[in-house]
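A quick write-up on the structure given underneath.
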Amino acid sequence: MAYIDGFVLPIKKKNLPAYWRLARKSAKIWKELGALEYRECEGDDLASSFALPFPKMARCKPGETVLFSWIVYKNKAHRNRVTAKVMKDPRIAAMCDPNNMPFDVRRMACGGFKIAVSA
């Protein structure tokens, strides 16, 4: 069964163009090194009357929005192999200057997920 890495992060709307540049480069590298899918999504309809809205969950500040992203792998072992390759790739290291990121890494939520239902 496929395995998913999921991410939720708040980002200043003014930083979106820089983030999309970073995401497009990252997507190519993740796919080149074995990821099956790489998706980056920007919040669009975030007002919820029946559940906790993403902006509240992500503790968005004024002028921020939420990004929801995921990467798909064959299984958890495949994810571990791909992630190890990505983390050693110098192109990723060059893009990940902690002093020059378009978002606050400390506010990003992430985790690995087993698929329980697939239709």
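Computed from the coordinates by the stated procedures, all read-outs in this text should not be read as laboratory data. As the structure is a computational prediction, the values presented were derived from the model and not from experiment. Glycine also receives a Cβ, built like all others from the backbone with ideal geometry; neighbour counts cover every protein chain displayed.
Near Pro10: Cβ cut-off under 12 Å, other residues only, Lys/Arg at +1 and Asp/Glu at -1. The net charge is +4. Distance distribution P(r), the stretch 76-119, all Cα-Cα pairs, bin width 10 angstrom from 0: 20, 38, 32, 10, 0 percent.
Picking from Ala27, Pro98, Ala119, whose Cα lies most toward the positive end of the charge dipole for the chain (charges on Cβ: Lys, Arg +1; Asp, Glu -1)? The residue sitting farthest along the positive end of the dipole is Pro98. The coefficient of translational diffusion for the chain, derived via Stokes-Einstein from the alpha carbon Kirkwood radius under 20 °C and 1.002 mPa s, stands at 139 µm²/s. Here's the list of lysines a cross-link from Lys14 could span, going by alpha-carbon distance under 16 Å and ignoring same-chain residues fewer than 8 apart: Lys61. Which net charge results for the neighbourhood of Lys76, defined as the other residues with beta-carbon distances under 12 angstrom from its beta-carbon, given Lys and Arg at +1 and Asp and Glu at -1? Taking every Cβ under 12 Å from that of Lys76, the sum is +3.
Annotation: lysines with alpha-carbon distance below 21 angstrom to Lys76 (same-chain offsets under eight excluded): Lys28, Lys31, Lys85, Lys88, Lys114. Mean residue ellipticity at 222 nm, helices only, the chain: -10000 deg cm²/dmol; runs of at least 4 DSSP H residues each add -39,500 (n - 2.57), and the sum is divided by the number of residues.
Taking Cα centre as origin and charging only the Cβ of basic (Lys, Arg, +1) and acidic (Asp, Glu, -1) residues, the dipole magnitude of the chain rounds to 320 debye.
When the Gaussian network model of the chain links Cα atoms closer than 10 Å, the mean-square fluctuations of Ala18, Ala94, Ala77 top out at Ala94. Of the peptides 9-15, 82-88, the ranking by mean beta-carbon count within 10 Å, highest at the top, reads 9-15, 82-88. Given axes a ≥ b ≥ c from the Cα gyration tensor, I'd like to know whether the stretch 9-71 is rounded (a/c under 1.5), prolate (a/b larger than b/c) or oblate. Judged from the Cα gyration tensor, the stretch 9-71 comes out oblate (a/c at least 1.5, b/c at or above a/b). The distance from the alpha carbon centre of the stretch 76-119 to that of the stretch 52-73 is 16 Å, rounded to a whole number. Peptides 21-32, 43-54 ranked from most to least packed by the mean count of surrounding Cβ atoms within 10 Å: 21-32, 43-54. Within a straight-line Cα-Cα reach of under 20 Å, Lys12 can be paired with the following aspartates and glutamates, leaving aside sequence neighbours fewer than 8 residues apart in one chain: Glu40, Glu42, Asp44, Asp45, Glu64, Asp97, Asp104.
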